[in-house]
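The values are calculated or read from the model by the stated rules, or taken from the named source; none is laboratory data. As the structure is a prediction and not an experimental result, all values here were calculated from the model. Here the Cβ positions follow ideal geometry from the backbone for every residue, glycine too, while neighbour counts run over all protein chains shown.
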Amino acid sequence: MTLDEECRLSYYERIATLNKAHGVFLVQHTENHRIYVEKNLTVYDVRIYQYLKEYPVRNTPRLYEVIEDGDTLHIIEEYISGESLAEILKREKRLPRDTAVNYTRQLCQILQDFHNAKPAIIHRDIKPSNVIVTPDGTVKLIDMNAAKHFHDDTPEDTRLIGTTGYAAPEQYGFGVSSVQTDIYALGILLNVMLTCFAPKEHIVEGQLKPVIEKCTALEPKYRYQSVSQLSNALGGIDGSAEECPARRRAFYKYLPPGFRTGQPSHIVIAILAYVMLFTVSMTLTVNSSSPGDVWFNRLFIFIIGLAEILFSCNYLDFWDYVHISGIKNPYLRILCVIALDAVIFFALMMLMIILENTIYG
């Protein structure tokens, strides 16, 4: 390390420890007072970091200092505010299909820039903890510690590195890492986002199943040959859709419960249920001398009944927002739905009483 490099590093003051074992700290520049991340690496490829410093890749941390000192590489990089995908999955258990597909396609865009480098850069450690989701829903890919350049004349990886469960077979000495190595990890990650499990434990059903199977083929030649191919395959899939004609339409999710599946028997039952709700609510007898009060009660009872149906049938995936979808035990999930149905009912009843007293005295 030169005196100039040592001087530049001295401007960054450590303010918090992010991972002491791996030498990762939160630092603040003493002059501009901005927050950065300091990394001190002992296993690294300095050429990767020098390239990324000179040619930043979108939606990855910008590198400000890349300084080698003996066997240690000191990195100062952009601090990205957001929540890791690992934290999101720990809380939500699983993600809606459209969200999981969206995140995967964003990662494909990031990796395309890596893979288009000359020679191509392979990330080799795509996993939930290395994916950050910002408050506006933008996906960021971090941690280039395992990255390497692709050389097609190398028979196998010289250093085995990666994360168990996400690392492709070639990362264990069965070949050389290539762009298909990152595609393998993307397939694992997509399945984990949808099911909480690796594909070998439980693979998602529906349109996404063959996509994930192709991503995670044991031999790289049977996987997608580029992330753009994978992104195009995902682009032809409505991530939240089920396997039926009505759900392939863009507006399927806005249809009322009973009509979204497109099955005639479900539609008939739904029509009967809505007609019964309308008939019961509109013929409700209310002990009031005011016609307006009577119709107010009838309309509000109809709204309450409709709200109960919409919530019970998970309209617009509302269960995801109250963390019911991630409950694996079906009996516990049903109990939670019943409990929240009761809360909605009594809350709306109280609102009806308050509004009635306010309007009609």
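What the table below lists for this structure:
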item: Qualifying residue in segment 18-37 (condition: touching a helix residue (DSSP H, G or I) at 6+ places or on another chain (Cβ under 9 Å) and under 13 Å from Glu65 (Cα atoms)); result: no
item: Of all residues in segment 281-296 being in contact with a helix residue (DSSP H, G or I) (Cβ under 8 Å, 6 or more places away or on another chain) and at pLDDT below 90, the one that is surrounded by the fewest Cβ atoms within 10 Å (Cβ to Cβ); result: Gly292
item: Residue, farthest from Glu68 (Cα to Cα), within segment 1-17, restricted to residues that are acidic (Asp, Glu) and part of a helix (DSSP H, G or I); result: Asp4
item: Some residue of segment 163-178 being modelled with pLDDT of 90 or more and not in a loop (DSSP other than H, G, I, E, B); result: no
item: Per-region count, segment 189-201, residues surrounded by 18 or more Cβ atoms within 10 Å (Cβ to Cβ) and either in contact (Cβ under 8 Å) with a residue 40 or more places away in the chain or part of a loop (DSSP other than H, G, I, E, B) (or both); result: 7
item: Selection status of Ser289, polar (S, T, N, Q) and part of a helix (DSSP H, G or I); result: no
item: Wholly enclosed helices (runs of 4 or more DSSP H) of segment 22-135 bearing at least 2 residues within 26 Å of Gln225 (Cβ to Cβ) and at pLDDT 90 or above; result: 46-54, 97-115
item: Residue in segment 88-106 that is among the aliphatic types (A, V, I, L, M), closer than 21 Å to Asn145 by Cβ and buried (at least 17 other Cβ atoms within 10 Å of the Cβ) present; result: no
item: Pairs, first more than 15 Å from Tyr44 (Cβ to Cβ) in segment 123-150, second small (Gly, Ala, Ser) and part of a loop (DSSP other than H, G, I, E, B), C-beta under 6 Å, six or more apart; result: Ile132/Gly82; Val133/Gly82; Thr134/Gly82; Phe150/Ala120; Phe150/Ser178
item: Test: residue in segment 45-59 that is of a type in the set (S, T, N, Q), under 25 Å from the mean Cα position of the chain (by Cα) and on the phi > 0 side of the Ramachandran plot; result: yes
item: Subset of segment 68-81 (residues that are crowded, with 19+ Cβ neighbours inside 10 Å and in contact (Cβ under 8 Å) with a residue 40 or more places away in the chain); result: His74, Ile76, Glu77
item: Members of segment 7-32 that are touching a strand residue (DSSP E or B) at 6+ places or on another chain (Cβ under 9 Å) and among the charged types (D, E, K, R); result: Arg8, Glu13, Arg14
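To keep it simple, each residue is scored yes or no on (1) closer than 19 Å to Ala347 by Cβ; (2) over 25 Å from the mean Cα position of the chain (by Cα).
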residue	(1), (2)
His266	no, yes
Val275	no, yes
Ser281	yes, yes
Phe300	yes, yes
Gly305	yes, yes
Phe311	yes, no
Tyr315	yes, no
